[in-house]
Amino acid sequence: ILDILTFPDPRLRKKAQPVEQVDDRIRRLVDDMLETMYAAPGIGLAATQVDVQRRIIVIDVSEGHDTPLCFINPRLVAREGTEQMDEGCLSVPGFFETVTRAERVTVEALDRDGQPFRLDADGLLAVCIQHEIDHLDGKLFVDHISILKRQRIRHKLEKQRKEREHAEAA
Ligand SMILES: O=C(O)C[C@@H](Cc1ccccc1)[C@H](O)SCc1ccccc1
Ligand SMILES: [Zn+2]
């Protein structure tokens, strides 16, 4: 299980670099990310969230939580329509805000064997893919809401962190 960075940790703002070679080390990281995502629990996780600046995301939006998807060097090649959804984030625990995103997307990526593939997605999968690719570019869903709301969330999470550190120190 890997530690998930929490907003406003500056490391969440780093841009991830493309993966050159999908080797066993990358596959091990993908497996660790999936384990971390299922344990959270979550339906998506980007390498940036576990302080790895590599363009890797894992997603599982299946009912049975048994259909893991892995996107290495993902690229959005098409997007259509718009839709709004209340989004959460494992890096912004406890907060949900409405975000507008494309309704349908086409994404090109490499799979865990390094094979290129293309996927057309809509619904929750489309939202999750866009949410996770944002993470790789150092963007969070709170960047799509007002400054005032983002500041309120930041102050609450900083207060929680201080209280937790204070309690642990006691
Ligand atoms: O990237 C993350 O932090 C995991 C996100 C992925 C996500 C956010 C908003 C909308 C779709 C996906 C979530 O926190 S995973 C938790 C979750 C579980 C069920 C439904 C929505 C979010
Ligand atoms: Zn997130």
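When both the stretch 22-37 and the stretch 104-170 are represented by their alpha-carbon centers, they are found 18 Å apart.
Annotation: amide H-H contacts under 5 Å for residue 99 (H modelled 1.01 Å from N, sequence separation of 5 or more, or interchain): 85, 86, 87.
Just the number please: accessible area per residue for the chain, 1.4 Å probe, all protein chains included, in Å². Write down the numbers at each step before the final one.
Values: 9380 Å² over 170 residues.
Result: 55 Å² of accessible area for each residue.
Amide H contacts under 5 Å for residue 138: 16, restricted to partners 5 or more places along the chain or on a different chain, H placed in the peptide plane at 1.01 Å from N. Each Cα pair under 8 Å and six or more residues apart adds its sequence gap; the mean of these over the residue count of the stretch 1-154 is a relative contact order of 24 percent.
The values are calculated or read from the model by the stated rules, or taken from the named source; none is laboratory data. Fair warning: this is a prediction, and the values are worked out from it, not measured in the lab. Surface areas here come from the heavy atoms of the whole protein model, side chains and all, with no ligands, DNA or RNA. Shrake-Rupley method; radii C 1.70, N 1.55, O 1.52, S 1.80 Å.
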